[in-house]
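Note sheet for the following structure.
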Amino acid sequence: MRYKLPVHCPSCETALQVSGLTCPQCHTVVSGNYDIPLFLRLTPEEQEFIMQFVQSSGSLKEMAAQLGNSYPTVRNRLDDIIDHIQHLQSAGHDHS
């Protein structure tokens, strides 16, 4: 079973930070406080949309055909994701 990386605290909904990484080969441990990358803070559906967008070379027309949706529907979905990314960045959680 593969576990999903949590990005928000289950108690208070604050954005979580990564505090440790372990090498599965030599067991070296790196610790500190690191922000979770912005892409991973998007919903799985938003991540999938972005992957499809990249795989279609950024062609919304091609994506619309692949998804069986109209161009305006796909464009609106992209606009929603852009708004979400801007919200995440303006909330001060993106330091990259």
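Among the residues of region 40-66, those identified as over 30 Å from residue 13 (Cα atoms) and surrounded by 15 or more Cβ atoms within 10 Å (Cβ to Cβ) are 56, 60, 62, 63, 64.
Given the criteria over 19 Å from residue 86 (Cα atoms) and surrounded by 12 or more Cβ atoms within 10 Å (Cβ to Cβ), does residue 19 qualify? It is false that residue 19 is over 19 Å from residue 86 (Cα atoms) and surrounded by 12 or more Cβ atoms within 10 Å (Cβ to Cβ). Out of all the residues in region 75-93, is one or more of a type outside the set (A, V, I, L, M), touching a strand residue (DSSP E or B) at 6+ places or on another chain (Cβ under 7 Å), within 24 Å of residue 36 (Cβ to Cβ) and touching a residue at least 12 places away in the same chain (Cβ under 8 Å)? Within region 75-93, one or more residues are of a type outside the set (A, V, I, L, M), touching a strand residue (DSSP E or B) at 6+ places or on another chain (Cβ under 7 Å), within 24 Å of residue 36 (Cβ to Cβ) and touching a residue at least 12 places away in the same chain (Cβ under 8 Å).
The residues of region 22-39 that are in contact (Cβ under 8 Å) with a residue 12 or more places away in the chain and surrounded by fewer than 14 Cβ atoms within 10 Å (Cβ to Cβ), listed by number, are 31, 32, 33, 34, 37.
For region 22-53, the set of residues classified as of a type in the set (S, T, N, Q) and out of contact with any strand residue (DSSP E or B) (no Cβ under 6 Å at 6 or more places or on another chain) consists of 25, 28, 43, 47, 52, listed by residue number. So which residues in region 47-66 are in contact (Cβ under 8 Å) with a residue 12 or more places away in the chain and farther than 27 Å from residue 37 by Cα? Listed by number, the list holds a single entry, 66.
Coordinate-derived values only; no laboratory data. Just so we're clear, the structure is a prediction, and the values are computed from it rather than from any experiment. As a convention, Cβ positions derive from the backbone with ideal geometry for all residues, glycine included, and neighbour counts pool all protein chains shown.
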